Amino acid sequence: MDFTNIDKTSLDRSLLIAESDQLALYAVGDQTYLLVQRHEGTQWTGLRISGDGVFRVASLLAEATRHMYRDVAARLSPKNMAELAATSRS
């Protein structure tokens, strides 16, 4: 796994797998992938990871998502919403 600056033209031969407004995932060959932060105002940077690394990073991101969701869900639970409503009325 390594971080690198990306020359935009070097991606012409790579297969775009997925993208959002500022991130993209490219298959670059030999079961290696490149997660690129694409921002017009700065040098593009990327994280080169193996196919196995994709699964490991996906697992970590899933854990982070669950952590964030638990926090939001706890604040929005019916019990907390009822307590918040009672507090705001007093």
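The values are calculated or read from the model by the stated rules, or taken from the named source; none is laboratory data. Keep in mind that what you see is a predicted model, and the values were worked out from it rather than measured. Note that we place each Cβ from the backbone using ideal geometry, even for glycine, and neighbour counts take in every protein chain shown.
Criterion first (small (Gly, Ala, Ser), closer than 20 Å to Thr4 by Cα and more than 11 Å from the chain's Cα centre (by Cα)) does Ser77 satisfy it? Criteria not met by Ser77. Of the listed requirements (1) more than 21 Å from Asp52 (Cα to Cα); (2) charged (D, E, K, R); (3) modelled with pLDDT of 90 or more, Lys8 misses just one: (3). Screening Glu19 against (1) touching a residue at least 24 places away in the same chain (Cβ under 8 Å); (2) under 20 Å from the mean Cα position of the chain (by Cα) leaves a single unmet condition, (1).
Exactly one residue out of Ala24, Ala18 is of a type in the set (Gly, Ala, Ser) and touching a Lys or Arg at 6+ places or on another chain (Cβ under 8 Å): that is Ala24. Of all the residues in the stretch 11-38, those that are under 16 Å from Gly51 (Cα atoms) and among the polar types (S, T, N, Q) number 3.
Do the conditions hold for Val36, that is, is it surrounded by 10 or more Cβ atoms within 10 Å (Cβ to Cβ), in contact with a strand residue (DSSP E or B) (Cβ under 6 Å, 6 or more places away or on another chain) and part of a helix (DSSP H, G or I)? Criteria not met by Val36. Within the option set Gly46, Gly41, Gly53, being closer than 15 Å to Asn5 by Cα, at pLDDT 90 or above and not hydrophobic (A, V, I, L, M, F, W, C) holds for one residue only, Gly46. Within the stretch 11-29, the set of residues being out of contact with any strand residue (DSSP E or B) (no Cβ under 9 Å at 6 or more places or on another chain) and either surrounded by 12 or more Cβ atoms within 10 Å (Cβ to Cβ) or part of a loop (DSSP other than H, G, I, E, B) (or both) comprises Ser20, Asp21.
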